[in-house]
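A short write-up of the structure that comes next.
Read-outs throughout are calculated quantities, based only on the coordinates presented, and are distinct from any laboratory measurement. Just so you know, these numbers come straight off a predicted model, no measurement behind them. Note that each Cβ is placed from the backbone with ideal geometry, even for glycine, and that neighbours are counted across all protein chains shown.
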Amino acid sequence: MTALQSVQTLELRREVRRFLSEERARGTVLGRPDSWLTGWHPEFSRRLAERGWVGMALPKEYGGGGLGFLARVVVIEELLAAGAPVSAHWVADRQAAPSILNHGSEEQKKRFLPAIAEGRCFFSIGMSEEQAGSDLASVQTRAERVAGGWRLTGTKKWTGGAHCNDYAIVLARTSEHEDRHQGLSQFIVDLRAPGVRVEPIRLLTGEHTFNYFHLDGVEVPDGMLLGKEGDGWAQVTGELAFERSGPERYLSTFPLLVAVVRELSDKAATADQQVRLGALMARLYAVRQLSLGVAAALDEGRPADVQAALVKDLGTRLEGELVHEVRRILPVAADAGATPGTYPELLALALLHTPAYTLRGGTNEILRGIITRAVEHKEQQS
Ligand SMILES: Cc1cc2nc3c(=O)[nH]c(=O)nc-3n(C[C@H](O)[C@H](O)[C@H](O)COP(=O)(O)OP(=O)(O)OC[C@H]3O[C@@H](n4cnc5c(N)ncnc54)[C@H](O)[C@@H]3O)c2cc1C
């Protein structure tokens, strides 16, 4: 019996499904693809938090569930498979909370972690810039020392949720070194502070999720330096396993698979349609097993960044290929203007989001570089 089949997790899964049926009845859960990116619904996030389903992996002393990453996976698998609107608390729960727990001061932990677990404090990631995506160490945002803190100047790009979240964790250069990986630091920046300016970048669907995030001399107090000055690179790369390995890296388009199965259940599916659906499910199952391996490693405190890169490469390719395969299984004209929740509408949404799957969180070419270097290193050692 795997950890995810234990009596407690099966009961937890049933509980989440009951909650989701209630939410479906009130019209909150619409079965949309990519709901972790575009489904911003703070009240839904708070209702989840009331049930203890935000901050589940955080220690109880900081308001969390003390339950570990595998229990969290049970809940988020169900939420993503249902296409629930989870984007408000997504980054705070997945990334900001473990970062603050691992690197934050006691004051930061007490201030932010309980608020995150209550679903009332939302975070953005302020890493990428115009010329610093894959080559993140070339960030141009500067933090200079001022009395009592730092002054941040620069422009971040692709900052999801900066127009509606509360804080961003910003990577900025605090000193110059020949080795560009040195002299970077992380800061917790209040997104409503003077000098913060947010400019929308629209998705192909017209949705507003991303932004340019301008920091025009934003003053950040000393207490909001996250971790040690100059340790930003190690801190950022240490977070990658949290960012790259979860179910959102292979389930973004799962609701479309649910929609096509629903459509086919009204008709008699042909043998070819059944085989193709079966093949998709088998691939999903394999990536899921890999992802669970990373969650188990995180629970045990083992490093998992290479495995996480593998999950993300395989998973994000699969979630894109799923859209095209589903379209071959049951051809219809994708139509973004069709009734929300119908197969043509969901197909259009998933198609328009497809270019992003393999880019966000580090492109697949970069991930393969990480995997190749790890394999070479292992070969050299053996
Ligand atoms: C939907 C979406 C959401 C995002 N959300 C956020 C966010 O919230 N916060 C944030 O900070 N960032 C975010 N990003 C930014 C994301 O991390 C970057 O887009 C990504 O790291 C790639 O950087 P880039 O866009 O600058 O492309 P580039 O780095 O310019 O890459 C362009 C192409 O060149 C390839 N390439 C680059 N270097 C190499 C190399 N050494 N070897 C082989 N190929 C290479 C890449 O694989 C890619 O195909 C988001 C991006 C997207 C699309």
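Brief remarks follow.
- Fraction of beta bridges assigned by DSSP in segment 97-210 that are antiparallel (%, nearest 5): 75 percent
- Full extension of the chain between D266 and Q289 gives 5.2 nm of extra length, using 0.36 nm per residue less the Cα-Cα distance.
- Hull volume in cubic angstrom per residue (convex hull over the Cα atoms of segment 125-231): 88 Å³
- Cα convex hull of segment 245-381, projected area averaged across orientations, nm²: 9.8 nm²
- Each of the peptides 324-337, 260-273 was scored by the mean count of other Cβ atoms within 10 Å over its residues; in descending order, highest first, they stand as 324-337, 260-273.
- Within the chain, percent of DSSP bridges classed antiparallel, to nearest 5: 85 percent
- For the peptides 55-64, 372-381, the ranking by mean Cβ contacts within 10 Å, running from highest to lowest, is 55-64, 372-381.
- A Förster radius of 45 Å combined with the Cβ-Cβ distance from E130 to A279 puts the calculated FRET efficiency at roughly 0.65.
- Cα point-scatterer Debye curve for segment 179-233, base-10 log of I(q)/I(0) at q = 0.13, 0.28, 0.29 Å⁻¹: -0.47, -1.03, -1.05
- Seen from every direction in turn and averaged, the convex hull around the alpha carbons of segment 3-121 projects onto 6.8 nm².
- Relative packing of 175-182, 245-252, 135-142, which averages over residues the other C-beta atoms within 10 Å, highest first: 245-252, 135-142, 175-182
- Checked against a 23 Å cut-off, the cross-linked pairs K60/K228; K156/K228; K109/K157 give Cα-Cα distances beyond that limit for K60/K228; K109/K157.
- Inter-label distance, nm, simple model (7 Å from Cα along the C-beta direction), D222/V375: 5.0 nm
- With a Förster radius of 25 Å applied to the C-beta separation of S382 and A234, the computed FRET efficiency comes to 0.40.
- Solvent-free Debye calculation, one equal scatterer per alpha-carbon of the chain: log10 I(q)/I(0) at 0.11, 0.12, 0.14 Å⁻¹ equals -0.79, -0.94, -1.28.
- Rg of the Cα atoms in segment 178-276, relative to 2.2 N^0.38 Å, amounts to 1.77.
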